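What follows is a single structure, written as structure tokens, with notes after it.
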Amino acid sequence: MAFKINHELPSPDVLKELIPMDEESKQKKAIRDEQIKDIFTGKSDKFILIVGPCSADNPETVVEYVHRLKAIEDKVSDKILIIPRVYTNKPRTTGDGYKGMLHQPDPNEPSDLLSGIIAIRKMHLRIVQETGLSAADEMLYPNNRDYLDDLLSYEAVGARSVENQQHRLVASGADIPVGMKNPTSGDFSVMLNSVTAAQHPHNFIHRLYDVETTGNPLAHTILRGGVDKFGTAIPNYHYEDLIRLLDAYKKADLKNPAVIVDCNHYNSGKKYKEQIRIAKEVLHSRKYNPELKNLVKGLMIESYLEEGRQEIGEDMVPGKSITDPCLGWDDTEQLIYEIYEKC
């Protein structure tokens, strides 16, 4: 077989013993989890902002960024709940390119998965300990989520993964909200089928164990735009798209109907500055239609310390994306305050 074993990796239980979560952080996260759950179940009308870099590439700049988010959340927490977007593994359309901190703790060095799982756990733990904000990550590899499951307060299943059976089954066992993105085709039925699967109980193999899940009532949808057969971006954040999703939810037997609108990716055509306009349009749609206000629970925004993106190299600008381009901090701060006034 064309496999070479580099390291035998520690199990999630062993890694958690080596890098344990302290009791104070557990209490902070428990409070956060309950607050987020209340938003998805309708007990709270706070608005969620999942905001952060396209990819978490450097622990120091990511933690600095989350500290800045914390300072803003202290001012807007009566209306907004901020979840830092800390994505430590990245899907690659062609298989090439930077695959995230899980693979490369240092983007300029070769892949090192053993160092990677240690680095991402330490970073997520630092975020909770230093800021009290537990983060969101992407469930790219379902078997790997156990390394972080005690630290995360939100997970997203990406457009390329949402049709995968293992992602759906594992999401059914999560005790935090899991957002199912529409696939790259933009098909709503695929996305809603994934939510249905995640909300139901299952019995399957996970990490060599025979496991059972109870179903995740907090599984929900994420709209991120799609592409047509020619690869042209087709956004799905407009009022008509939200109404179509609302009608589809009404026909489905699903708990806690909810959607998060991803302002970047194919909704913006990867024109990162468009996120500002898109966020405002979604807020206008919510204000115009009370049913949409109940359905649209929040926004996802790609943002970092510096705007735009850069290539990986020796002289990289700290806090500037090395994957998709992001809003810079000044625009992010202003946008959050504008969302606070309008949500």
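Values quoted throughout were computed directly from the atomic coordinates according to the rules given, and no laboratory measurement underlies them. Remember, it's a predicted structure, so these values are computed and weren't measured experimentally. Neighbour counts are summed over all protein chains in view; Cβ atoms, including those assigned to glycine, are modelled from backbone coordinates with ideal geometry.
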Which label marks the calculated value of log10 I(q)/I(0) by the Debye sum over Cα atoms at q = 0.08 Å⁻¹, given the options (i) -0.54; (ii) -0.41; (iii) -0.34? (iii)
Could you work out the relative contact order of the stretch 136-258, using alpha carbon pairs under 8 angstrom and six or more residues apart, expressed as a whole percent? 21 percent
With an 8 Å Cα cut-off and a minimum separation of 6 or more residues, compute the relative contact order for the stretch 12-342 in percent. 16 percent
How many angstrom separate the Cα center of the stretch 40-74 from the Cα center of the stretch 307-343? 13 Å
Once Asn6 and Gln310 are pulled to full extension, the length gained, defined as 0.36 nm per residue separation minus their Cα-Cα distance, is 106.4 nm
What is the set of long-range amide H partners of Ile234 at a cut-off below 5 Å, with H atoms built 1.01 Å from backbone N? Gly226, Val227, Asp228
Mean-square fluctuation maximum in Gaussian network of the chain, Cα pairs under 10 Å, restricted to Val170, Val14, Val66, hits Val14
Give a quick list of GluC sites (Glu not before Pro) in the stretch 1-75 that DSSP marks as loop, anything other than H, G, I, E or B, with at most 13 other Cβ atoms within 10 Å. Glu8
Rounded to the nearest 0.05, what FRET efficiency is calculated for Lys273 and Asn108 with R0 set to 41 Å and r the Cβ-Cβ distance? 0.90
In order over the stretch 164-173: 3J(HN,Hα) from phi, Karplus 6.51/-1.76/1.60, θ = phi - 60°, whole Hz, x for each Gly or Pro, gives 7, 5, 5, 4, 5, 5, 5, 4, 5, x
Whole angstrom only: what separates the Cα centroid of the stretch 80-100 from the Cα centroid of the stretch 274-297? 25 Å
For the cross-link pairs Lys251/Lys320; Lys70/Lys251; Lys29/Lys293, which exceed 32 Å when the distance is taken from alpha carbon to alpha carbon? Lys251/Lys320; Lys70/Lys251
How high is the relative contact order of the stretch 207-343, in percent, with contacts defined as C-alpha pairs under 8 Å that are six or more residues apart? 20 percent
In this structure, the FRET efficiency calculated for Phe204 and Glu130 from their beta-carbon separation, with R0 = 51 Å, to the nearest 0.05, is 0.90
